1. So, A:LYS640, is that one in contact with a strand residue (DSSP E or B) (Cβ under 8 Å, 6 or more places away or on another chain), of a type in the set (Lys, Arg), assigned to a loop (DSSP other than H, G, I, E, B) and outside the structural domain of A:VAL533 (by TED's automatic domain parsing) or not?
2. Checking A:ILE624 against (1) β-branched (Val, Ile, Thr); (2) in contact with a strand residue (DSSP E or B) (Cβ under 7 Å, 6 or more places away or on another chain); (3) within 22 Å of A:GLU540 (Cβ to Cβ), only one condition comes out false. Which one?
3. Within region A:69-85, is even one residue within 30 Å of A:LYS307 (Cβ to Cβ), in contact (Cβ under 8 Å) with a residue 24 or more places away in the chain and not small (Gly, Ala, Ser)?
4. Just the residues that are more than 18 Å from A:LEU570 (Cβ to Cβ), free of Cβ contacts under 8 Å to residues at least 24 places away in the same chain and away from chain B (no Cβ under 14 Å), please, taken from region A:504-541.
5. So in region A:620-638, with the set limited to residues that are crowded, with 22+ Cβ neighbours inside 10 Å and of a type in the set (Ser, Thr, Tyr), which one is farthest from A:LEU669 (Cα to Cα)?
6. So in region B:13-38, with the set limited to residues that are crowded, with 23+ Cβ neighbours inside 10 Å and without any contact (Cβ under 8 Å) to a residue 40 or more places away in the chain, which one is nearest to the other protein chains (Cβ to nearest Cβ)?
7. What are the residues in region A:339-379 that are assigned to a loop (DSSP other than H, G, I, E, B) and either under 23 Å from A:GLU172 (Cα atoms) or at pLDDT 85 or above (or both), if any?
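The values are calculated or read from the model by the stated rules, or taken from the named source; none is laboratory data. Just so it is clear, the model here is predicted, and its values are computed rather than measured. Don't worry about glycine lacking a Cβ; one is built from the backbone with ideal geometry, like all the others, and counts go over all protein chains shown.
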Amino acid sequence: MTRVLIVGNGPSAHRLAETLTTRGFTGSVTILGEEPRGAYDRVALTTHLTEGRDLMYPEIPGVTTFVDTKVVSIEPAAKTVNGTIPYDVLVLATGSAPFVPPVPGRDLDGCHVYRTIDDLDAIRASAKTATAGVVVGGGLLGLEAADALRGLGLQTHIVEMSPWLMPRQVDEGGGAVLKRHVEALGLTVHTGSGVTRIEGDDRVTGLLTPDKGVIDAQVVVFSAGIRPRDELARGAGLQVGERGGIVVDDGMRTSDPSILAIGECALHNGQIYGLVAPCMTMAEVAADRIMGGSAAFTGADLSTKLKLLGVEVAQFGAMAGALDVTYLDPVAGVYKKLFVSDDASTLLGGICVGDAAPYATLRSFVGSELPAAPSDLLFSPVAVELPGDAPVCSCNNVTKNDVTAAIKEHNLTDVAGVKACTRAGTTCGSCVPLLKKILTESGVDTGTGLCEHFTHSRAELFTIVQVRGITTFTQLIDEHGTGRGCDICKPVVASILASLHNGHVLEGEQAALQDTNDHFLANLQKNGTYSIVPRIPGGEITPEKLIVIGEVARDFGLYTKITGGQRIDLFGARVEELPRIWQRLVDAGFESGHAYGKALRTVKSCVGSTWCRYGVQDSVTLAIDLELRYRGLRSPHKLKSAVSGCARECAEARSKDFGIIATEKGWNLYVGGNGGFTPRHADLLVQDVDTPTLIRTIDRFLMFYIRTADRLQRTSAWLENLEGGLDRLREIVMDDALGICADLDAQMAAHVATYADEWRATLDDPVKLRRFVSFVNAPGTPDPSITFTTERDQIKPEILQVTSR
Amino acid sequence: MTTMPLPQRVWEAVCPLSDLLPERGACALIGGEQVAVFRTHDGSLYAIGNRDPFSGAYILSRGIVGTRNGEPTVASPMHKQVFSLTSGVCLDDPGTVIPTFPIRVTMGMVEVSVK
């Protein structure tokens with residue numbers, strides 16, 4: 001078994017490990033990272049600082065990662081690192097270090113670099129006691145750092161040695177336009193200026209420039225370029241470049257054939273690559289070589305398009321040419337320039353500042369004949385078809401041909417599908433508009449349509465069903481769709497019909513629309529059995545009811561587990577057992593917990609003022625009232641809620657779709673929270689309201705969400721996409737800005753009045769009960785494929801054999 | 001040229017046609033074989049293997065029935081791969097194919113042949 005050891009845990013290392021895993025590498029993959037955390041998306045660092053966004057990459061199954069582990073030596077002869085850790089293939093992905101110019105005072109408190117999450121946290125800490133900051137370096141990263149300082153509320157200066165900003169991406173004319181944009185944001189730009197000294201005793205107080213000017217600042221961020229981290233390679237006797245960088249060949253091999261280097265530490269053909277796209281390509285080439293392939297890295301397109309400080313900047317191809325065509329609009333702050341060959345027929349490169357719309361198309365034409373007159377090309381959108389071999393996604397090296405082939409082969413209908421099949425658009429995302437365009441060119445409608453059967457969005461379908469009074473899927477698809485539906489549109493229509501009419505989800509034709517969970521009113525688990533969650537409103541339960549759950553679980557041999565929503569989940573039931581289990585539960589006073597539905601799940605609560613020494617309101621009673629009010633409410637996605645009896649927030653209400661926290665004066669209502677894949681704290685919608693106002697506001701919030709959300713869009717994403725955001729939502733549900741509140745109130749009142757327990761109704765209906773069999777021709781026979789072993793005194797499903805290719 | 005007699009199909013009664021809900025599957029156990037049977041909106045009947053090759057679970061009869069470009073389909077309830085009801089080919093991964101079986105109605109009874 002080949003042991004691959006990766007030193008460094010940045011984006012390149014992560015991509016290498018990921019590529020090896022997805023390509024079925026059979027050896028072991030181990031990553032040693034010096035940072036105290038796993039791999040994260042360094043490209044999006046600024047958003048971590050200003051929005052607190054989580055940048056961590058998902059963990060890669062099967063890969064062993066050691067964080068906080070610094071590698072200090074390589075022993076190529078013994079094939080070990082740090083004297084003990086063995087490898088067969090060693091990959092150096094050590095990245096680069098920010099270059100800090102050797103100026104006096106550069107070690108003072110308040111001086112920082114801009115590369116890691118720790119750097120950013122330190123900058124944030126320094127900014128708390130600062131009013132002004134200076135970024136040394138006006139390149140791409142420098143402007144990003146400046147944006148971060150500005151986001152932290154500092155008066156921000158940029159000091160750049162060159163006569164204009166971003167000298168590697170734009171020319172003097174573009175730099176002038178860029179500078180005006182940056183200054184308009186309140187930043188001060190000092191171009192053509194260096195740093196003589198950082199002033200201060202312990203803490204930075206200012207920065208002295210060569211012209212004896214002093215910039216007052218308490219934070220200094222150095223962003224004056226990067227230096228490849230090649231010290232390990234040097235120590236091991238590997239060949240390095242004169243100005244740094246580990247020398248590699250086209251296969252990413254260093255001078256020792258068992259050692260590869262990728263990313264910002266690698267020197268390929270005399271060039272260090274500091275952009276994410278070439279580093280990703282290197283990782284993929286390395287993965288291919290490790291697996292015996294012959295992929296080669298042959299240099300990379302250094303085209304860039306980015307949005308810095310709200311200004312779009314793009315550069316592609318060469319930055320000079322025999323002829324050039326310039327478009328300048330100083331009022332709008334737009335500068336575009338194309339470089340062409342001396343006969344004006346071939347596009348050599350270009351620069352855009354202020355409007356980079358032509359970039360995506362034009363970049364593909366570098367080196368080929370101009371598709372239109374240069375002056376026309378500078379205006380957008382350019383209506384030209386891309387050539388087939390045009391690079392669409394340079395981060396992942398995907399051409400237009402790759403995308404069109406994938407669309408045909410896999411019947412792709414949306415950008416998400418293209419991303420999954422080709423990886424295009426998954427790194428920097430700047431080519432997503434192009435992917436849409438290619439989908440359209442391939443005859444795919446990329447509108448807001450739900451699927452091939454409906455060109456409408458969920459919200460549009462909701463309106464159609466409501467306004468036209470449609471009650472069946474057949475009527476809806478006959479009049480407004482095509483075909484007979486699929487696993488995407490059918491559950492959506494089922495949910496809309498249930499939200500609007502609140503009938504039994506298994507009544508008549510509706511039964512055929514339901515996902516298996518709704519169809520069997522239970523949750524499908526990996527071996528084909530189902531789990532059962534009786535409703536336990538507010539998490540309050542009597543000893544008698546607890547005993548019933550215990551007895552049912554024991555008698556049917558079910559695995560029991562406490563859920564995160566203060567309920568009990570019973571696993572391992574076969575379909576034919578579900579009615580008998582539920583008969584016992586219903587007889588004991590339980591009802592469906594809708595754990596299987598896109599519906600209200602639970603309203604969790606802390607113990608509240610009844611028992612708790614700190615509670616200021618009765619959170620349990622409110623939680624029970626809310627859970628009983630909204631139980632059975634079908635919605636675009638599941639809904640979770642919680643009530644905390646005081647500001648200590650033991651019920652974790654701010655991670656819920658709607659969460660309530662007690663105050664001395666009443667209740668605070670928070671909306672749009674989420675745990676899950678993308679955690680989000682809920683936003684405060686109303687403050688210190690009484691219970692009737694609280695309930696009315698939640699009624700309207702929920703109904704408005706149900707009307708307007710997309711398919712499977714949780715309240716968190718819905719709120720983030722809502723035009724006007726939280727303020728607009730407040731205007732709609734509190735001030736009735738749309739004049740729909742009476743409607744929303746009536747709809748919720750109808751829901752509350754017509755709610756009936758789905759399981760009790762099912763048990764009362766012999767027709768519905770007949771579906772609960774494993775085999776239609778042998779109703780009493782259990783499914784022989786379902787088998788269990790035992791773990792910790794409970795059942796556990798046997799692992800099933802998977803036979804797809 | 002030699003001629004061989006056509007092998008005799010063995011038909012197994014599964015359930016009355018009226019028991020099959022349009023666009024909803026049911027599973028039959030025939031000689032140890034699990035067969036998912038479906039009735040589509042236009043009244044056509046289809047029989048495929050009940051086993052989902054992607055999860056190994058016997059659950060395809062519980063998937064959502066629909067169409068893709070006019071072809072009748074069922075989506076696995078586990079991870080939503082879509083299979084053609086006519087050919088058994090997984091339309092999301094054409095290299096994966098599940099068995100299909102002949103199906104007919106005789107005197108109101110749905111019958112399937114597994115051999």
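1. Details: in contact with a strand residue (DSSP E or B) (Cβ under 8 Å, 6 or more places away or on another chain): yes; of a type in the set (Lys, Arg): yes; assigned to a loop (DSSP other than H, G, I, E, B): no; outside the structural domain of A:VAL533 (by TED's automatic domain parsing): yes.
So A:LYS640 fails the test.
2. (2)
3. If we filter region A:69-85 for residues that are within 30 Å of A:LYS307 (Cβ to Cβ), which is where we start, we get none.
Within region A:69-85 (the criterion being within 30 Å of A:LYS307 (Cβ to Cβ), in contact (Cβ under 8 Å) with a residue 24 or more places away in the chain and not small (Gly, Ala, Ser)), the answer is no, since none of the residues qualifies.
4. None - no residue of region A:504-541 is more than 18 Å from A:LEU570 (Cβ to Cβ), free of Cβ contacts under 8 Å to residues at least 24 places away in the same chain and away from chain B (no Cβ under 14 Å), so the list stays empty.
5. Per the criteria, the residue is A:SER635.
6. Among those residues, the one meeting the criterion is B:ALA26.
7. Here is the first cut: in region A:339-379, the ones assigned to a loop (DSSP other than H, G, I, E, B) are A:341-345, A:354-358, A:364-368, A:370-373, A:378-379.
Within region A:339-379, A:SER341, A:ASP342, A:ALA344, A:GLY354, A:ASP355, A:ALA356, A:ALA357, A:PRO358, A:VAL366, A:LEU378, A:PHE379 meet the criteria.
Residue-wise test of (1) at pLDDT below 95; (2) over 25 Å from A:ILE477 (Cα atoms).
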residue: B:VAL65; (1), (2): no, no
residue: B:LEU91; (1), (2): yes, no
residue: B:PRO94; (1), (2): yes, yes
residue: B:MET109; (1), (2): yes, yes
residue: B:LYS115; (1), (2): yes, yes
